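Worksheet: one structure, shown below.
The values are calculated or read from the model by the stated rules, or taken from the named source; none is laboratory data. Since this is a predicted model, take the numbers as computed values, not measurements. FYI the Cβ positions are ideal-geometry reconstructions off the backbone, even for glycines, and counts take in every protein chain you see. Accessible surface areas use protein heavy atoms only, side chains included; no ligands, DNA or RNA. Shrake-Rupley method; radii C 1.70, N 1.55, O 1.52, S 1.80 Å.
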Amino acid sequence: MKLDSILNSPPAWLPVRNETGGIVVGTIVRMVRNLPGFPFPGWSTRESRAAVAAKLIPAIKSVRGYKTSFSAEMNTLSYGRRRAMLTRKLLTPCMAARQDGCHVIIPSRRNMILMVNEEEHFVVHAFNDGFDINRSLKDVLQLDEQLQEHVDIAYDFQNGYLTSIPAEAGDGLQFYVLLHLPALTFANMMGQITKALEKLHVNVSSYFSDGQDDTGHLYVVFSIPGPEDSIEQMQDGFETVVRHLVTREMQVRTKLLKDPGLNLLDAIARAYGLLMCCRRLSIKELRDSISFLRLGTLLGVISWEEDEQSVLIELYHFSLAMATQTALAEDTPGSDLNTARALAARDFLDKHPHTFSYNQA
Amino acid sequence: MFLTQIVNGQVSELALCETCAREKGLFDPQSLTFAEKFFPEEFKNRVDKLVRELTMGESAPAPACGLDMMTRCPVCGFGVEDYRRTGHLGCPDCYTVFARELDPTAEEPERNNDEPPSLKKARLQKELKLAIEREDYERAATLRDQINALTDNNA
Ligand SMILES: [Zn+2]
Ligand SMILES: [Zn+2]
């Protein structure tokens, strides 16, 4: 099945280089559109969803240069596959719970996912690695323009693009940035930051919104569409917030570099010890430990013989591969990956020669 | 019966009684099985709340079935009450049908006070006719009062 190959290859939002200290992982731009004359998915019937899909899917396929890599009606996807796609941001949580008449399509470039009958009739998430809203924004707007040659989209001059929640009508765009913030998390600052950002129409949630334990110090920061903002203002404000967050994380890291403190050194040492010696390992333990391993690398507690930047990226891939495997295993009741996971973790450290500094503290 | 809208992991509901849901063809329990799996907490809270309302009879101000006097969208059957309860709309055409509800300030931008009473009356009568067609009797009552006041003043 094509989906397996997609689940086994790195997602488009994972960085290839480790810029900004690996703080910004990737960017997602969300675009929503609706068809006039059909109830929104939340108020739909099976028949109306099918009618929306019958209009949208051929329109998508007639977009120039478009090729499908994977396409499925939600009712054909197992629970485990949905979980695995969620983990890799190939589905939204809303979409993961949907069924008849709801379709997910991944184009062959794999730089976006297209969803029919998600929260709105048509939802696109475009990805790129690192912090670059413009790149994905260009992709979705281009698709939008071409799609509108083939299908009518609900729009009026007063409200803009019409959405199921009137407060969100307008440009139909939203920005998401994936961030790794171990220092701010360890300094217990995330709660306070989350509260402050709400006032700026920016929300923070944990990254693995897949129902598994939310760990790994990874976050999704996203813009809340406000009716009064223009898209430029929204992008501007959002980028400022993200840059501010990156700076704060950097500052705390610098502080930790001077004086990590016994608690942090202990946490890093425990994580390392666990990965080195465990015989059974839960996915939560794995995600947490890998995050501390990354932080330990940045603080010089762990040094790798290979290029440090590429090991840091590999750690992301490894963690994600393990999470995907765990999700897929949910289709097999009673399966237990704890032993295999422990083996894989020890194997990873074995294959990446390194030294752990016992001198500090 | 209810359908879900799940936004960034938050479940909000469009609640309907089962009869209404069936009439609208919305009775689709299959669509809820995965909602329960992916959002067990929210789902449980939602069901708990519903059960509490049903057993204690203190339901949210639900529109009386059959006696429903609210504006309904002719395209999707969504009612103004549904919007007030959920903050969602039923379809893109709801924006036109519920324009007044969505932006009450846009309603009557204090039209020129020098609108001649005869013109104003004609306008209000036209609006009244539309309101009755939409079965928006609340609005119709307001308009009727305004027309009566106008008639009294000019009498
Ligand atoms: Zn009813
Ligand atoms: Zn409607």
| task | Could you work out the mean count of beta carbons from other protein chains within 10 Å of each residue's beta carbon in B:81-94? | result | 6
| message | Please report the spacing between the Cα centers of segment A:103-127 and segment A:279-352 in Å, no decimals. | response | 29
| note | The ³J(HN,Hα) series, computed from each phi in segment A:177-185 with the Karplus coefficients 6.51, -1.76 and 1.60 at θ = phi - 60°, rounded to the nearest Hz and given as x for glycine or proline, is 10, 9, 10, 9, 10, x, 5, 5, 5
| message | Could you tell me the center-to-center distance, by alpha carbons, between segment A:158-207 and segment A:60-83 in angstrom? | response | 27
| Of A:Lys61/A:Lys89; A:Lys55/B:Lys129; A:Lys67/A:Lys138; A:Lys138/A:Lys351, which ones are farther than 28 Å apart at the Cα? | A:Lys55/B:Lys129; A:Lys138/A:Lys351
| field | Net charge contributed by nearby residues that have their C-beta within less than 13 Å of A:Pro260 (K/R +1, D/E -1) | value | +1
| Accessible area of A:Lys255 in the full protein assembly, 1.4 Å probe (Å², nearest 10) | 150
| message | I need the peptides A:331-340, A:308-317 ranked by packing, meaning the mean over residues of other C-beta atoms within 10 angstrom, with the highest value on top. | response | A:308-317, A:331-340
| said: At a probe of 1.4 Å, how much accessible area disappears from chains A and B on forming the pair, both sides counted, to the nearest 100 Å²? | reply: 2900
| Ordering of B:72-84, A:269-281 by packing [mean C-beta count within 10 Å, highest first] | B:72-84, A:269-281
| How many Cβ atoms of partner chains, on average, are near each residue of A:162-174 if near means within 10 Å of its Cβ? | 4
| Shielding by other protein chains, A:39-51, mean Cβ within 10 Å | 6
| Those GluC sites (Glu not before Pro) in segment A:243-306 that DSSP places in a loop and that have at most 16 other beta carbons within 10 Å | A:Glu305, A:Glu306
| With each label point set 7 Å from Cα along the Cα-Cβ vector, what nm distance links A:Glu198 and B:Thr142? | 3.2
| query | For the peptides A:118-124, A:46-52, what is the packing order when you average, over each peptide's residues, the other Cβ atoms within 10 Å and list the highest mean first? | reply | A:118-124, A:46-52
| field | Accessible area (Å², per residue) of segment A:3-254, counting only protein heavy atoms and a probe of 1.4 Å | value | 37
| remark: What helix-only [θ] at 222 nm does chain A give? Using -39500 (n - 2.57) per DSSP H run of at least 4, over all residues, to the nearest 500, the answer is -14000 deg cm²/dmol
| message | Tell me the carbon and sulfur percent of the accessible area for chain A, rounded to whole percent, probe radius 1.4 Å. | response | 52
| What residues does segment A:93-110 have that are buried by at least 30 Å² of accessible area in the full protein assembly compared to the chain on its own, 1.4 angstrom probe? | A:Pro93, A:Cys94, A:Ala97, A:Gln99
| remark: Mean-square fluctuation maximum in Gaussian network of chain A, Cα pairs under 10 Å, restricted to A:Gly216, A:Gly296, A:Gly261, hits A:Gly261
